[in-house]
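The values are calculated or read from the model by the stated rules, or taken from the named source; none is laboratory data. Here the structure is a predicted model, which is why all the values come from computation and not from measurement. For neighbour counting, all protein chains shown are included, and Cβ atoms are generated from backbone atoms with ideal geometry for every residue, glycine included. The accessibility values were calculated without ligands, DNA or RNA, using every heavy atom of the protein model including side chains. Shrake-Rupley method; radii C 1.70, N 1.55, O 1.52, S 1.80 Å.
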Amino acid sequence: MLLRDRAFLDRWEPTRPDGFYRLETHQRRLEMLRSDENFADFGIFLAAGDELVGRIQLSGISRGPFQNAYLGYFVSERHNGRGYATEAVRQAVDAAFGELGLHRVQAAVIPRNHGSIRVLEKAGFREEGLALRYLQIAGVWEDHKLFAVTAEEWPSGA
């Protein structure tokens with residue numbers, strides 16, 4: 001999926017070496033992350049569960065007084081616009097506030113990525129501001145809109 005969607009995703013992602021797109025690289029990375037309590041990675045599958053159409057992760061999980069995670073996700077070009085990302089965000093945030101016991105989840109989006117902004121808005125995130133030159137994406141330091149939601153705001157009342 002990543003190799004097939006590389007051109008579609010590259011405009012929203014950091015520049016990565018060619019080796020990043022190999023299956024073996026992701027198998028090793030997922031194996032390593034299984035024991036990392038600061039990271040939770042999930043696949044986004046079609047309802048039948050037989051086709052991986054994207055990934056979503058909670059990263060940089062911080063404990064103590066912050067109780068926060070950063071949210072990142074993508075869906076293949078072929079499955080974009082069908083609600084898969086929105087549902088995956090809702091489920092990941094449910095897990096963050098439920099089983100992980102976090103208080104806050106935040107996400108950053110390039111302002112021209114209207115689809116991703118819509119996903120966060122539909123999932124119940126609020127915009128908090130603009131971070132200038134926040135992440136290096138496709139070799140350019142890009143501004144990002146910051147979004148967040150806290151456990152008190154989350155509809156499931158976790």
With the label point 7 Å along the Cα-to-beta-carbon line of E128 and a cut-off under 11 Å to each amide N, the hits in region 88-107 are 104-107
Go through region 84-92 residue by residue and turn each phi into a ³J(HN,Hα) via Karplus (6.51, -1.76, 1.60, θ = phi - 60°); whole Hz please, and just put x for glycine and proline.
5, 5, 4, 5, 5, 4, 4, 5, 5
So, for region 90-158, what is the accessible surface per residue at a probe of 1.4 Å, expressed in square angstrom?
52
In nm, what is the difference between 0.36 nm times the number of residues separating N113 and E153 and their Cα-Cα distance?
12.0 nm
Env charge @ G124, Cβ radius under 15 Å, K,R +1 / D,E -1, value -2
How much space per residue, in cubic angstrom, does the convex hull of the C-alpha atoms of region 44-122 take up?
97
